[in-house]
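Below is one structure; the comments refer to it alone.
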Amino acid sequence: MNRRGFTLIELLAVMSVLAIVGTLSIPAWARARSKARAAVCASNLRQMYTAYMSYLSDHDGELFPFLEQTSEGRLWYWGLERSAGGAEGNREIDRSRARLAPYLAGGTVETCPEFPYRMSFTKEKFEVNTYGYGLNHYLLRGTPANRSIDLVNFTAAERLSHIIIWGDAAQVNTFQSPASPSNPMIEEWYYLSHLEATYHFRHEGKVQVIMGDGAVRQLAPYRLLRICDGQIGYLEPNRKNDFLLPIR
């Protein structure tokens with residue numbers, strides 16, 4: 001009985017076909033993975049929005065501050081830092097004391113799966129990841145933007161379907177070690193501003209946000225910074241703030 005095996009040419013042909021199929025499938029897999037992460041991020045934003053609105057409801061619409069000095073330490077809106085002055089990346093933060101902690105289930109709701117936490121150009125701020133999303137800076141009591149319009153209560157906000165509440169945020173740091181002007185690094189950031197590069201366009205070149213009416217949107221950048229991952233930048237032209245200004 002004549003048993004014929006594969007020739008070398010036939011094996012090479014099969015291997016070439018498999019290599020081509022594998023190469024073609026990688027981009028499709030990457031796109032599917034990116035879409036899945038965007039869906040998780042959208043779910044996170046909806047939970048952040050619900051928690052924020054619940055907080056406002058329980059506090060008669062009064063906005064919480066970006067930072068409050070207390071007898072226990074610095075109460076950032078994302079957690080309590082009892083001992084100030086720790087090295088970047090080792091600062092202790094109690095996330096259970098965050099303003100929205102009672103309204104969130106915990107876990108990773110406050111962090112986006114597309115934030116580049118493990119990249120070499122990322123600088124940690126605290127001992128744990130805290131927030132991958134930023135709040136509209138007009139909605140944080142005590143910030144310069146908030147003081148400029150003297151907004152203390154959310155009920156005064158107008159055209160909610162046109163203003164961003166939360167969105168993908170990050171900042172380029174050049175002034176805190178190990179970052180420097182010659183070694184810029186990305187870090188978590190906690191507000192969205194039209195005056196600084198704080199939007200992070202990490203979902204296939206777009207920033208994911210949730211508007212005042214609860215709608216999740218993906219928006220394209222106006223300008224990106226050509227450093228780090230090249231995804232941090234501005235949503236609108238310089239000093240234009242149609243997406244943030246809550247009072248017209």
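I need to check one value: relative contact order of the range 188-228, counting alpha carbon pairs closer than 8 Å and at least 6 residues apart, in percent. Don't skip to the answer; put the middle values down first.
Working: 34 pairs, mean separation 10.6, N = 41.
Result for the range 188-228 is 26 percent.
So what is the relative contact order for the chain, in percent, with contacts set as C-alpha pairs under 8 Å and at least six apart? Don't skip to the end; give the middle numbers.
Values: 447 pairs, mean separation 42.0, N = 248.
Relative CO of the chain lands at 17 percent.
If a spin label sat at a point 7 angstrom from the Cα of GLU196 along the line to its beta carbon, the backbone N atoms of the range 135-156 nearer than 18 Å would be those of 135-149.
Using a 10 Å cut-off around each Cβ, can you sort ARG202, ARG223, ARG97 from fewest to most neighbouring Cβ atoms?
ARG223, ARG97, ARG202
For the range 192-248 and the range 108-181, write down the distance between their C-alpha centroids in whole Å. The distance from the Cα centre of the range 192-248 to that of the range 108-181 comes to 11 Å.
Once you mark the chymotrypsin sites (Phe, Trp or Tyr not before Pro) that are in a DSSP loop and have at most 10 other Cβ atoms within 10 Å, what is the longest gap between them in the chain?
Working: sites that count: PHE6, PHE175.
Excluding the exposed sites themselves, the longest stretch runs over 7-174.
Percent of alpha carbon pairs in the chain separated by more than 27 Å? Beyond 27 Å sits 42 percent of the P(r) for the chain. The phi torsions of the range 65-73, fed into the Karplus equation with coefficients 6.51, -1.76 and 1.60 and a -60° offset, translate into couplings of x, 5, 8, 9, 7, 10, 5, 8, x Hz, rounded to whole numbers, with Gly and Pro shown as x. Summarising the amide proton neighbourhood of GLY142: residues at separation of 5 or more, or on other chains, whose placed amide H is nearer than 5 Å comprise ARG147.
Here is the list for the range 40-140: GluC sites (Glu not before Pro) lying in DSSP coil, each with at most 14 other C-beta atoms within 10 angstrom of its C-beta, are GLU72, GLU127. Placing +1 on the Cβ of every Lys and Arg and -1 on the Cβ of every Asp and Glu, with no other charges, gives the chain a dipole of roughly 940 debye about its Cα centre. In the range 57-195, Cα pairs under 8 Å separated by at least six residues give a relative contact order of 24 percent.
Under a point-charge model restricted to the Cβ atoms of Lys and Arg (+1) and Asp and Glu (-1), what is the dipole moment magnitude of the range 89-150 relative to its Cα centre, in debye to the nearest 20? Write down the numbers at each step before the final one.
Values: 9 positive and 7 negative charges, 28 e Å.
Here the range 89-150 has a charge dipole of around 140 debye.
What residue among GLY233, GLY205, GLY134 has the largest mean-square fluctuation in a Gaussian network model of the chain, using Cα springs under 10 Å? Result for the chain, Cα springs under 10 Å: GLY205 fluctuates most.
Helix 8-58 and the longest principal axis of the C-alpha atoms of the chain enclose an angle of approximately 10°.
All of the numbers you see were taken from the coordinates with simple rules; none came from a lab. Computed from a prediction, not measured in an experiment: that's the story for all the values here. Every residue, glycine among them, receives a Cβ derived from its backbone with ideal geometry; neighbour counts consider all protein chains shown.
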